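Notes for the one structure printed next.
The values are calculated or read from the model by the stated rules, or taken from the named source; none is laboratory data. In this text the structure is predicted, and so the values were computed from the model without any measurement. All Cβ positions, even for glycine, are placed from backbone atoms using ideal geometry, and neighbour counts span all protein chains on display. Please note that ligands, DNA and RNA were not included when accessible areas were found on the heavy atoms of the full protein model with its side chains. Shrake-Rupley method; radii C 1.70, N 1.55, O 1.52, S 1.80 Å.
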Amino acid sequence: RPALVSGTRTREAAAAAGLTEGDVEALRAGALVAFGCVGAASLELIGGAGGLLLACMAAGLGGAYADLWLRAVDRSRRDKIEREAPALLELVAAAVASGVLLEAALAGARRAVGGPLGAELDLSRASIELGHPRRAELLDLAQRTGSPSLAGLALEIGRAHV
């Protein structure tokens, strides 16, 4: 499978769509069967080289459909996180500037944002509470979400808080 839709990203995209890994495999198989049937029907109806070409194209699309759809779900999730990130950054910056500790500022900002960014922040906070270094966890957050804004936050916090 292409790196874009394998491993962690597949699980995240599937979870964003409300699917389990088993559901993803079933989607792949179902798409292959459905598009294969369309291809077989086109071969029967059109016949010849054109029908064979259309049948092969339909089968190929069926094999790739689930991964293309998961890629679109993943991109949508990442775009939504990136749109929500500036509000989070402003809230954290304002809280820290007024003297609030960074952990409290992040927790307060988390309550203000929802959706996929909020879920990712919950994962990061839980890891930090379990003893994972804050800087490393914020860098992991930026990598998981693919957000340049969150990567900047992680780098700035890393510089300011060793």
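Is it fair to say R71 is over 19 Å from A160 (Cβ atoms), in contact (Cβ under 8 Å) with a residue 24 or more places away in the chain, part of a helix (DSSP H, G or I) and not aliphatic (A, V, I, L, M)? Spell out how you get there, then give the answer.
Details: over 19 Å from A160 (Cβ atoms): yes; in contact (Cβ under 8 Å) with a residue 24 or more places away in the chain: yes; part of a helix (DSSP H, G or I): yes; not aliphatic (A, V, I, L, M): yes.
So R71 fits the description; yes.
Do you know which of the residues in segment 73-85 that are open to solvent by less than 60 Å² (accessible area, probe 1.4 Å) and modelled with pLDDT under 90 is nearest to L141 (Cα to Cα)? Checking each candidate, the answer is R78.
Does E82 satisfy the criteria of being part of a helix (DSSP H, G or I), farther than 30 Å from L19 by Cβ, among the charged types (D, E, K, R) and out of contact with any His (no Cβ under 7 Å at 6 or more places or on another chain)?
Working: part of a helix (DSSP H, G or I): yes; farther than 30 Å from L19 by Cβ: no; among the charged types (D, E, K, R): yes; out of contact with any His (no Cβ under 7 Å at 6 or more places or on another chain): yes.
Judged against the criteria, E82 is not a match.
Given the residues A55, A34, A107, which is the only one that is assigned to a helix (DSSP H, G or I), closer than 27 Å to L153 by Cα and either of a type outside the set (V, I, T) or open to solvent by 60 Å² or more (accessible area, probe 1.4 Å) (or both)?
On the way: A55 fails: closer than 27 Å to L153 by Cα; A34 fails: closer than 27 Å to L153 by Cα.
None of the other options fit; the residue is A107.
Of everything in segment 126-141, what is acidic (D, E) and free of Cβ contacts under 8 Å to residues at least 12 places away in the same chain? Give them in sequence order. Answer for segment 126-141, where residues must be acidic (D, E) and free of Cβ contacts under 8 Å to residues at least 12 places away in the same chain: just E129.
Being in contact with a helix residue (DSSP H, G or I) (Cβ under 8 Å, 6 or more places away or on another chain), open to solvent by 30 Å² or more (accessible area, probe 1.4 Å) and of a type outside the set (S, T, N, Q) narrows it down to one residue among G99, G158, G63, G131; which is it? Talk me through it step by step, then tell me what you get.
On the way: G99 fails: in contact with a helix residue (DSSP H, G or I) (Cβ under 8 Å, 6 or more places away or on another chain); G158 fails: open to solvent by 30 Å² or more (accessible area, probe 1.4 Å); G131 fails: in contact with a helix residue (DSSP H, G or I) (Cβ under 8 Å, 6 or more places away or on another chain).
So the residue among G99, G158, G63, G131 that is in contact with a helix residue (DSSP H, G or I) (Cβ under 8 Å, 6 or more places away or on another chain), open to solvent by 30 Å² or more (accessible area, probe 1.4 Å) and of a type outside the set (S, T, N, Q) is G63.
When G114 is tested against (1) at pLDDT below 90; (2) surrounded by fewer than 13 Cβ atoms within 10 Å (Cβ to Cβ); (3) more than 27 Å from S76 (Cβ to Cβ), just one condition goes unmet, and that condition is (3).
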